[in-house]
Amino acid sequence: HGDHEYEGWQYPLSDCDQRRSPNSVYNDYRCYNSHMNLIPLRVEVLSKNPALLVFHEFFSKSRIANFLSMASEKEMEETSVEGAEGTVKSRTRVAHGTWIDHHENIVASDMFHHIQSKFNTIDFDRAEAFHVLRYGPGGHYAPHYDMLQHDTAVELVGNRIVTFLTVLKTAQKGGGTVFPRLGITVQPNPGDVMFWFNMEPDASKAMDSLHGACPILEGEKIGATLWVKAFGQEFLTRCPMKEGAPFDYNPLVEPRKSVYDEALLSGLHLF
Ligand SMILES: O=C(O)CCC(=O)C(=O)O
Ligand SMILES: [Fe+2]
């Protein structure tokens, strides 16, 4: 594949060849202190500003398998963009997609509940429906920002402060998620979650959150995105008490190492 085949990409495709970040801060189990509960998650902090985290093995294999088989029964549409000449096939996002409501069926509901219970520093009720994207060979999503244009809905519920991307299936070759401005390409495993902030604490766009899905060279990639809206999230973090910056990132990017590490690493079973 040559670069010319990925119209609209605009960044060096060689960015996609980078593997893990050289500056991964933690890659082990850490505890999030939230609502007086310690939530153990195996977290890798790839960037602190903007926060970019990978939660390893967030979902069990069976949850992922159930979600995939449920999603495969849905009609997936070729993603498109609306232009002056009507709706045309998108060249910046070459993939098939569909929306699945949080409680559309028992599988989605179980998935959603798992997210809410493990991760209660974020109010996922304030997220859009699951957006499932399937990329085939040559599929890709050129680097972009997830924040929406300002409109009435954004005014009411805030913009997309956080992207919570569940990795359902990975390509055999290619298909990493690239952050060109951070110099990071993430190649997670099915069941992992990528989590990042699209907004600065003052609600402006986090310029370094620019990201895209690298071209699939072999196989197929499937992911499910939850875009979380900003309003209300500030009440779930420890009091930041900073005017104009109502969201405190630090508890997320500096989770505490827990006394349970040994048990977790030696295979304590979490359901
Ligand atoms: O599939 C990916 O790796 C990125 C998806 C993405 O950027 C999005 O859905 O907004
Ligand atoms: Fe995105």
Accessible heavy-atom area order of LYS61, LYS169, LYS74, highest first, probe of 1.4 Å: LYS61, LYS169, LYS74
Protection proxy ranking, peptides 127-134, 110-117, 185-192, average beta carbon neighbours within 10 Å, highest first: 127-134, 185-192, 110-117
Per-residue SASA entry for ARG91, accessible area with 1.4 Å probe, Å² rounded to 10: 150
Under-5 Å amide H pairs with MET199, H placed in peptide plane, nonlocal only: ALA206
Nonlocal amide H pairs with LEU52, under 5 Å, H built at 1.01 Å: LEU46, SER47
Accessible surface of TYR6 - all protein chains present, 1.4 Å probe, nearest 10 Å²: 10
Candidate residues HIS144, HIS150: accessible-area rank, largest first, probe 1.4 Å: HIS150, HIS144
Accessible area (Å², 1.4 Å probe, nearest 10) - GLU155: 120
Estimated vicinal HN-Hα couplings, Hz - the stretch 155-172 in sequence order (Karplus 6.51, -1.76, 1.60; Gly, Pro = x): 5, 7, 10, x, 8, 7, 5, 10, 10, 10, 10, 7, 8, 9, 8, 10, 6, 5
Modelled label reach - TYR11, point 7 Å along Cα→Cβ, the stretch 124-161 residues with backbone N closer than 12 Å: 141-146
Accessible surface of the stretch 107-211, 1.4 Å probe, proportion on carbon and sulfur as whole %: 49
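The values are calculated or read from the model by the stated rules, or taken from the named source; none is laboratory data. As the structure is a computational prediction, the values presented were derived from the model and not from experiment. Note that each Cβ is placed from the backbone with ideal geometry, even for glycine, and that neighbours are counted across all protein chains shown. These accessible areas exclude ligands, DNA and RNA; they are computed on the full protein's heavy atoms, side chains included. Shrake-Rupley method; radii C 1.70, N 1.55, O 1.52, S 1.80 Å.
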